[in-house]
Every structure is written in C-alpha cells, then in structure tokens.
Amino acid sequence: MPAFSLEPDQVAWCAELRALAAQRLRPLAEKGEPGHVNRPLVTELGRLGLTDRLFTSGALDLCLMRESLAYACTEAETALALQGLGAHPVHAHGTPAQRDRWLPGVRDGSVVAAFALSEPGAGSDAAALALRADPDGGAGNATAARADGPRRWRLTGEKCWISNAPEADFYTVFARTTPDAGARGVTAFLVPADRPGLTGTGLDMLSPHPIGALHFDAVPVTADDVLGETDRGFRVAMGTLNLFRPSVGAFAVGMAQAALDASLAHTAGREAFGGKLKDLQTVAHQVAEMAVRTEAARLMVYAAATAHDDGADGVPQRAAMAKLLATETAQYVVDAAVQLHGARALHRGHLLEHLYREVRAPRVYEGASEVQRGIIAKELYATVEARP
C-alpha cells in the first residue's frame, strides 16, 4: 500500500474512532481525576476492543488509532498508548507464562501497564541508566555463581517520569545487570506492582497524565521475570520505541488537526475589522501554513509506520524523522491556533488551552527532539560510511 494513500475502509475506521472518542470516551475522560489512572476509561478501551488491537495490528494501525483518538479525546489516546507501551515488551519478548498472566487483563482493560525506562539521571540518555540489579546471593540462590549468571536479583534505585506510575498493576523495568557496560549491560524485567520494596509517588506535571516516580528498595526479581535475555534489555527498549515513535507523531498530528479545524471554524465565523477574520490575508496565509505542515507531518508518520510494517531498511531513522517533524509541527500549529483565537483560547477548559498543555510533552518523551536529530544524523553518516 502506498504510504500516501489510505484505503476506504481505513478512512471509515478513523471516522468511527473519532465518533467513539467523542461520544463514549470523552465523557469518561471528563470524569477522571487529573494525574491519576482513569480505570473506567481504560476499561472502556478494552470493551471497545481497542486495547486488544494494540497486539493484533501493525504500526500503521497504531498510528491511525492514536491520531483518531487524539483528535477527539487526548486522554483516551494517551491511556491506550500507555497500555501498549507498557505491555508491548511482554507481548514481543515475554515467556508464554508471562503473556498468559498479564496480557488478557491488558486486552480487556482490567490491568494497567507501565514502561519504566527513564531515571533522574538517565532521561534522554537511556543507556546511562543506573537502577541496579544486584545478584541475590541469599538463601535459595544456589545458581548465583554459575557460568550462566545469577537467577535472582535485587533492584535498587529510582525511576522517574514514568507514565501510569505509581498506579499501574505491573511495570516493564529496565535495570543494569552488568556495571559499566553501557547499553549492553541492561536487562528488562516484568515487575508486578505488589513486589516488596517497590513504592512510588505521583508527580504534578503540566499535562494531566498519570506520571510518577518509582522507588526500588532491594525489590526481588528472578529469571522468570526477565523479558528477553539477560543483558539484552536495551534491544527490548529500542524495539518498543521504534514501534511507538511514529505513533507519538500520530498523536501529535491528531492534536494539530483538531487545532487546525478549530481555527478554520473560528476564523470563518469571527467578525473583525469589517469582515470575517478569514478575509484577512495574514490570517488566511497562517491557516494555509498550518494545514501544509500538518499534512506533511501526517504523510511522514504514515510512511514511517508503513516502513516498519514492511520490514524496510532504515526504520530507526524514519521513526525518528516522523516523531521529530510531527511533534514540532503540532507545537507550531497549536500555538498558531491560540494566537488566532486570542484570549478566549487561554480560558481554562477551552479546547486550545487543553491542547496547549498537552502538545508540549511529546517533544520530550520517548526521546527528545534533540535525540531524534542525533539518531537521524547517526543513521545518515552510517550510510555514507557504508558506501564502497
């Protein structure tokens, strides 16, 4: 399928999702408490089959879901995305026992997942994470000194800016199992929230999402909790991010489109200077620029997602480009929409006031814009160096 063209059934599905978001999900979102997991909203996502679709669809479908939901209800979009981000490592790298234990609940919306990578000293530089997984030499760990490595560990340290923390039911946690090994010494663990020594606190952030810090005080984990292979957890993290980065761009495109449509309606109806705002050339040109940038970002997101689904070369670069362009574009479009609306857009509860708070975070999480530029440059120079 060409990256620039959606099939009629996909277009119809997106329209259906926007209607569901407005009619069934937004009322639940409005009843939620900012900064906390909205479990009725997550349950409804499961009832509608959207959380199940996280694991049965490709990157493009994920982008279409996130864009469509973001257009009408950013809280629903975020709740869906966080379920996917936290549970995808289990789906892709978990053992049959891990998948059977946790994924049915994620699919039906009864279990909340979280992706715990960032730390106070290791945000964008994920390879610098310091959460320790120390071999547990206590009773029952007869294999601690065997050649194939320990079978039990104790997690000690902190995670920060973790979405759905501290209210998730389980966490995909990335910890250092080999000191001073950079990205090669990290292991991914599935850690249930009720493990002894695991506590958390909520953080009061600009956007209304549930975000918190996690504190690990010798939290016990075993080989049965490992996702993938010991010391290969960075691959788990990057594989997850390569899938979800284009869809972060889709989230941004959905917000940009909502801001653009609001601006079209406002400028077409607003009387000013003896006519409609849209009759002012500066206003018309501003709206045109917003539309061009939004469509360009959308096409790059679709192209990156299609490349991922097709197993094409250069997926990390394409994903980084899509996230970079789309999130920076959404920031521009939402800001321009606020300017076109004037003071009314600054009222608490106005759509654009909401979007203005929401649009800032995607330029930071899952790799800040500067990190995306670094990935792009690295991939470009690697191509040059590979030439004969």
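Odds and ends about this structure:
- Distance from the Cα centroid of the range 280-342 to that of the range 31-98 is 22 Å (rounded to whole angstrom).
- Residues Ile211, Ile162, Ile375, arranged from fewest to most other Cβ atoms within 10 angstrom of their Cβ, appear as Ile375, Ile211, Ile162.
- Using the Cβ of Val248 as centre and a radius below 9 Å, the other residues enclosed give a net charge of +2, where K and R count +1 and D and E count -1.
- The length gained on full extension between Lys31 and Glu158, counted as 0.36 nm times the residue separation minus their Cα-Cα distance, comes to 42.6 nm.
- Cα-based Rg of the range 113-231 normalised by 2.2 N^0.38 Å, two decimals: 1.04
- Averaging the sequence gap over all C-alpha pairs within less than 8 Å and six or more residues apart, then dividing by the number of residues, gives the chain a relative contact order of 16 percent.
- Debye equation applied to the C-alpha atoms of the range 190-248, log10 I(q)/I(0) at 0.20, 0.25, 0.28 Å⁻¹: -1.03, -1.06, -1.05
- Net charge of the neighbourhood of His354, taken over other residues with C-beta under 10 Å away and scored Lys/Arg +1, Asp/Glu -1, is -1.
- Using R0 = 22 Å, the C-beta based FRET efficiency linking Asp134 and Arg235 works out to 0.50.
- Rg/Rh ratio calculated on Cα atoms of the chain (Kirkwood radius): 1.00
- Ala19 paired with Tyr381, simple spin-label distance in nm, labels 7 Å along Cα-to-beta-carbon: 5.2 nm
- Charge sum, other residues only, whose C-beta stays under 14 Å from Asp225's C-beta, Lys/Arg counted +1 and Asp/Glu -1: +2
- Set of lysines near Lys323 by C-alpha distance (under 29 Å), chain-local residues within fewer than 8 positions excluded: Lys159, Lys378
- Pairwise FRET efficiency - Glu370 versus Arg344, Cβ, R0 = 41 Å, nearest 0.05: 0.75
- Per-residue Cβ neighbour counts within 10 Å put Arg184, Arg387, Arg357 in the sequence Arg387, Arg184, Arg357, beginning with the fewest.
- Among Glu30, Glu358, Glu328, residue whose mean-square fluctuation peaks in a GNM of the chain (springs only between Cα atoms under 10 Å): Glu30
- Against the chain, whose longest principal axis comes from its Cα atoms, helix 59-72 is set at around 50 degrees.
- Rounded tilt (10° steps) of 369-386 against the dominant C-alpha axis of the chain: 70 degrees
- Rounded tilt (10° steps) of 96-108 against the dominant C-alpha axis of the chain: 30 degrees
Each reported figure results from applying straightforward, stated rules to the coordinates on display, with no laboratory input. What you are looking at is a predicted structure, and each value in this text was computed from that prediction instead of being measured. So basically every Cβ, Gly included, is an ideal-geometry build from the backbone, and we count neighbours across all protein chains shown.
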